[in-house]
Amino acid sequence: MRYIKLSSKNFGRFFKSLEAWGTLYAPVKRGCIYSFQEVHDPGEMALDYNRTMLPPKKFFFRPKEAILRLKNGRWEEEVEAEPMVLFGLHPCDIHGLKILDKVYLDEPADPYYKSRREKTLIIGISCMPDEYCFCKSLGTHFAMDGFDLFLHELPDGWLVRIGSVRGHEIAWENGELFEEVTDEDLANFKEFEEKRSKAFQKELPQEGLADMLDLAYNSPVWKKYAEICLACGNCNMVCPTCRCYEVCDRWVDAYKAVRERRYDSCFMENHGLVAGGHNFRPTRLDRFRHRYYCKSYFDPSAGYNCVGCGRCDEFCPAKIEHVKVLEEVRGSLQ
Amino acid sequence: MNPYQTYDARILEVKDLTSREKLFTLRFLDPEVEAKFDFRPGQFVIVDIRGFGEFPISICSSPTRRGYFQLCIRKVGRMTKFVHKMKEGDVVGIRGPYGNGFPMEKMEGSNLILVAGGLGMAPLRSVLWYAIDTGKYENVWLLYGTKAYEDILFRDEIIHLLKHGEAMNCSVKLAYEVESPSCIYLERGFSDRVCKGVVTDLFRGEEFDVENTYALICGPPVMYKFVIRELLDRKLSPGRIYMTLERRMRCGIGKCGHCIVGTSTSIKYVCKDGPVFTYWDALSTRGLI
Ligand SMILES: Cc1cc2nc3c(=O)[nH]c(=O)nc-3n(C[C@H](O)[C@H](O)[C@H](O)COP(=O)(O)OP(=O)(O)OC[C@H]3O[C@@H](n4cnc5c(N)ncnc54)[C@H](O)[C@@H]3O)c2cc1C
Ligand code: SF4
Ligand code: SF4
Ligand code: FES
């Protein structure tokens, strides 16, 4: 890793220099929620945000998008993506993208996702946890890769970690904006990380978690929560690692049609429905449990399918808490 | 190459199998695509009716017979109704083949017991033909359970095998649930091999060499538990029991998430980890069967 310093006075120029790399998107405040939007001025950004409602997955795997267009009886594709700069991603969201990468870049790669991913610069930013965050328990509170640049806040600027060749290029081309990292900066970096580490309020113990959840398949706790759950699917939409989609063909006019895909949710009744009316997850209990199992799946090479961002808790209208459900299920084992 | 793109295939022939199922014989228009299209029994394709949608269907012909492939499609809903209206000469889109298929090479030299229920006959017909054409398997049993005489898929082929299967090391047994004059006639002709009942009744009196036999099962979801019990009772190892499963599928390539089964310790995609699984998989993956 290479480390450089960006002082506060150069931040505006640094921001401007990024425009050469593509359209800039960053967290902005909209009403009482945050959202990644196109920005043209550093002042528009809300860099002290806690979490956006939709995670950055929306830029790569869109809520709704055409995958093929039918013209003259043939499918045509538009894979070419616009270059983008995503500014201000938190470590959990960077980890979320890495989990999506495993699915969408695995051969055969999804060409839409892949093309957007390749054309996008990721710039991370340090954060302080709030009452919903539990990324530290999952080891996703610090990004060691998956970004081009990562900015850690210092009292008078930013300590920048360079995570890719493109990150090096930005630093190279704008050499005059950056300085060497001093011992004082290092001390500040260390102090910030220690303070942050202590600020986590929520914890999800890991020991044997996946196995204990599996063993508790018939736990009454699943049922208790499934009865409170509204099956709205919000938790799926806002989750940085949920990526189920449904496909539908739609006619534009008599000669043109599009094949569209859109976010799907495993809370929807038809998610596991097959022809003839057989449903592999017929009850809300089945679907509720399925989501928790899918999120808690432990892949030895990639970890859990959850990065602890806290979105599903914050945006659940039934106030169901992810960690609480898992803890209760685990606790229900006698 | 865009994995969602489909290739044109022409319908060479449409044949009514029953009142609900039709057999479509297809060939790719592009000779290069046709030449490259190779598959193993148990794999499936995604059929694309442009502007209307896609759906997965098992390939029911065998890769030993080149120049065409066949799909047996049951009319159940929106898309399949549409396909049933299609005629010889019409063109559909195809992508695939997908899934793992049955491990045909690994099973060479062994006995195969094919257990089919209803539409489950479709993917197993691919195995049956493959085994007969290659002659690389010891004995092949087909245990086939259907509702009624009219529902027997590939009826001509089944009756042909009832009569002449022995010469091909292939013996067929049939169970039907609804009595009819045709069934009684069949039962009279092949009293040791045709009976009224369900598919598990066909196991009665069957002995097989468990060290040298594989069982391949396909049928409606309820069937698996009962068939597997019969096989385990005869001491067949779970690793020798293969079953092919169905789930809702949209992508076929492990992206859309619909076919995911399992829990926190084992998640499987039916489309790419399956649709063929062994009974070991079923024991370690909840919700598989
Ligand atoms: C691996 C595999 C192999 C198969 N092999 C065969 C085979 O050999 N032969 C065979 O006949 N069948 C086979 N099937 C089953 C076949 O895929 C279904 O019968 C077929 O998809 C039915 O499509 P349909 O549109 O006619 O039915 P429908 O009942 O209309 O729809 C099928 C599915 O799509 C959903 N759906 C339909 N319309 C919409 C919509 N507008 N929005 C959202 N969801 C919708 C339904 O809920 C249902 O889950 C196989 C399935 C799998 C997974
Ligand atoms: S399950 Fe909840 S906490 Fe975990 S990544 Fe998804 S939205 Fe975030
Ligand atoms: S957001 Fe809450 S209420 Fe809605 S489906 Fe998820 S758990 Fe249920
Ligand atoms: S069918 Fe889409 S993931 Fe299996």
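Please note which helices (runs of 4 or more DSSP H) are completely contained in the range A:117-220 and include at least 2 residues that are aliphatic (A, V, I, L, M) and surrounded by fewer than 17 Cβ atoms within 10 Å (Cβ to Cβ).
A:183-198
Given A:R281, A:R243, which one is touching a helix residue (DSSP H, G or I) at 6+ places or on another chain (Cβ under 7 Å), within 12 Å of ligand 2 (Cβ to nearest atom) and assigned by the TED database to the domain that holds A:L213?
Exactly one residue qualifies, and that residue is A:R243.
Do the conditions hold for A:V79, that is, is it open to solvent by less than 10 Å² (accessible area, probe 1.4 Å) and over 14 Å from A:Y263 (Cα atoms)? Write out each step before concluding.
On the way: open to solvent by less than 10 Å² (accessible area, probe 1.4 Å): no; over 14 Å from A:Y263 (Cα atoms): yes.
Answer is no for this residue.
Name the single residue that is nearest to B:I11 (Cα to Cα) among those in the range B:85-97 being buried (at least 17 other Cβ atoms within 10 Å of the Cβ) and either of a type outside the set (V, I, T) or free of Cβ contacts under 8 Å to residues at least 40 places away in the same chain (or both).
B:G93
Give the range A:303-334 a look and list any residue that's within 12 Å of ligand 2 (Cβ to nearest atom) and either touching a Ser or Thr at 6+ places or on another chain (Cβ under 9 Å) or among the hydroxyl-bearing types (S, T, Y) (or both), or say none.
A:G303, A:Y304, A:N305, A:C306, A:V307, A:G308, A:C309, A:R311, A:V323, A:L326
Which one is farthest from ligand 1 (Cβ to nearest atom) among residues in the range B:255-273 that are outside any strand (DSSP E or B) and in contact with a Cys (Cβ under 8 Å, 6 or more places away or on another chain)?
Going through the range B:255-273, the residues outside any strand (DSSP E or B) turn out to be B:255-259, B:264-265, B:270-273.
Filter once more, keeping what is in contact with a Cys (Cβ under 8 Å, 6 or more places away or on another chain): B:256-259, B:270-271.
Numbers: B:C256: 12, B:G257: 14, B:H258: 9, B:C259: 7, B:V270: 7, B:C271: 7 Å.
Applying the filter and picking the extreme gives B:G257.
What are the residues in the range B:239-269 that are touching a residue at least 40 places away in the same chain (Cβ under 8 Å), open to solvent by less than 10 Å² (accessible area, probe 1.4 Å) and closer than 17 Å to A:N270 by Cβ, if any?
Listed by number, the list holds a single entry, B:C251.
Can A:A226 be described as more than 16 Å from ligand 4 (Cβ to nearest atom) and closer than 30 Å to A:F142 by Cα?
Against the criterion (more than 16 Å from ligand 4 (Cβ to nearest atom) and closer than 30 Å to A:F142 by Cα), A:A226 does not qualify.
Which one of B:F24, B:F44, B:F52, B:F82 is within 14 Å of another protein chain (Cβ to nearest Cβ), within 12 Å of ligand 1 (Cβ to nearest atom) and buried (at least 19 other Cβ atoms within 10 Å of the Cβ)?
Residue meeting the stated conditions: B:F44.
Hey, could you check the range A:209-260 for residues that are aromatic (F, W, Y) and more than 9 Å from chain B (Cβ to nearest Cβ) and say which is nearest to A:C316 (Cα to Cα)? Let's see the steps before the verdict.
Going residue by residue through the range A:209-260, those that are aromatic (F, W, Y) are A:217, A:222, A:225, A:245, A:251, A:255.
Those left that are additionally more than 9 Å from chain B (Cβ to nearest Cβ): A:222, A:225, A:255.
Values: A:W222: 16, A:Y225: 12, A:Y255: 42 Å.
That would be A:Y225.
With the requirement that a residue be more than 10 Å from chain A (Cβ to nearest Cβ) and more than 23 Å from B:L114 (Cβ to Cβ), what does the range B:270-283 give you?
none
The values are calculated or read from the model by the stated rules, or taken from the named source; none is laboratory data. If you're wondering where the values come from, they're calculated on a predicted model, not measured in any experiment. Note: ideal-geometry Cβ built from the backbone for every residue, glycine included; neighbour counts use all protein chains shown. What goes into the accessible areas is simple: the full protein's heavy atoms, side chains included, and nothing from ligands, DNA or RNA. Shrake-Rupley method; radii C 1.70, N 1.55, O 1.52, S 1.80 Å.
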